[in-house]
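Below is one structure, written out as structure tokens; comments come after it.
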Amino acid sequence: MVYFAPPPASRSGLWREARRALRVWGEVPGLPLRFEPVSSVEEADVRFQWIEEFEARQAGTTDRDADSEGWLRKATVTLALRHSEGLPMSDDFLRLVALHEVGHALGLPHSEDPGDAMHPGNRSARLSARDVRSLQQLYASPR
């Protein structure tokens with residue numbers, strides 16, 4: 001279940017970009033991932049929220065709470081509306097950041113390969129074969 005905090009009226013496209021990122025991860029073959037929107041934060045496993053900007057040079061962050069076996073309890077994905085220099089983030093860039101942060105919400109760490117969505121400098125709106133394999137292995141492994 002996913003909750004989207006309302007973005008500023010001037011940035012209503014943020015929901016669309018976050019949902020696109022969720023759809024990409026939800027299409028990984030062999031996994032029963034479903035991202036159903038809910039209207040209250042209490043019902044959500046994953047929550048998206050927006051801030052104006054981070055103090056550090058970053059565009060997003062994910063706080064993940066897992067049980068003792070590593071399964072997701074709750075995750076909060078926070079996306080910035082502006083770069084630390086004050087320039088607005090484009091919708092396309094926010095989609096890349098959301099794609100990366102959803103990977104963290106699902107339990108994936110950073111990757112050293114610049115072709116992966118899980119690389120800290122992700123520049124692709126698609127998952128690499130390695131991103132897909134990593135998620136499949138994570139969810140196929142007994143916990």
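Rounded to the nearest 0.05, what FRET efficiency do Asp45 and Ser10 have when you use their Cβ-Cβ distance and R0 = 30 Å?
Step by step, r from the Cβ atoms, then E = 0.60.
What residues have an amide H closer than 5 Å to that of Val38, excluding those fewer than 5 places away on the same chain, when H is modeled at 1.01 Å from N in the peptide plane?
Under 5 Å from the amide H of Val38: Val2, Tyr3, Phe4.
Mind listing which trypsin sites (Lys or Arg not before Pro) in the stretch 41-105 are in a DSSP loop and have 13 or fewer other Cβ atoms within 10 Å?
Numbers: sites: Arg47, Arg57, Arg64, Arg73, Lys74, Arg82, Arg95; in loops: Arg57.
Hits after loop and neighbour filter: Arg57.
Starting from the alpha-carbon convex hull of the stretch 102-143, give the projected area averaged over all orientations, in nm².
Mean projected area for the stretch 102-143: 2.9 nm², to one decimal.
Calculate, for the chain, the solvent-accessible area per residue in square angstrom, rolling a 1.4 angstrom probe over the heavy atoms of the protein chains. Present the calculation step by step, with values, prior to reporting the outcome.
Values: 7950 Å² over 143 residues.
It amounts to 56 Å² per residue over the chain.
DSSP loop chymotrypsin sites (Phe, Trp or Tyr not before Pro) in the stretch 51-143 with at most 11 other Cβ atoms within 10 Å of their Cβ, which ones? Write down the numbers at each step before the final one.
Working: sites: Phe54, Trp71, Phe93, Tyr139; in loops: Phe54, Trp71.
Taking the stretch 51-143 and a limit of 11 other Cβ atoms within 10 Å, the loop chymotrypsin sites (Phe, Trp or Tyr not before Pro) found are Trp71.
Using mean Cβ contacts within 10 Å as the protection proxy, how do 24-30, 85-91 order, highest first?
Taking the mean over residues of other Cβ atoms within 10 Å, the ranking is 24-30, 85-91.
So for the stretch 5-84: antiparallel DSSP bridges make up what percent, rounded to the nearest 5?
55
What residue among Trp71, Pro109, Gln137 has its Cα farthest toward the positive end of the dipole of the chain, where the charges are +1 on Lys, Arg and -1 on Asp, Glu, each on the Cβ?
Gln137
What dipole magnitude, in Debye to the nearest 20, does the chain give about its Cα centre under +1 on Lys/Arg Cβ and -1 on Asp/Glu Cβ? All intermediate terms of the calculation are to be shown ahead of the outcome.
Values: 18 positive and 21 negative charges, 81 e Å.
It comes to approximately 380 debye.
Find how much the distance from Trp71 to Arg126 grows on full extension, using 0.36 nm per residue of separation minus their present alpha carbon separation; answer in nm with one decimal.
Computed gain between Trp71 and Arg126 is 17.4 nm.
If you build the Cα gyration tensor of the stretch 65-143 and take the root of 5 times each eigenvalue, what three semi-axes come out, in whole angstrom, biggest first?
On the way: eigenvalues 125, 52, 14 Å².
Working through the eigenvalues yields semi-axes of 25, 16, 8 Å.
Taking the convex hull of the alpha carbon atoms in the chain, what volume per residue do you get, in Å³?
110
The values are calculated or read from the model by the stated rules, or taken from the named source; none is laboratory data. Predicted model, so just to flag it, every value in this text is computed and none were measured. Every residue, glycine as well, gets a Cβ built from its backbone with ideal geometry; the counts of neighbours run over all protein chains shown. Quick note on the areas: whole protein, heavy atoms, side chains included, nothing else; ligands and nucleic acids left out. Shrake-Rupley method; radii C 1.70, N 1.55, O 1.52, S 1.80 Å.
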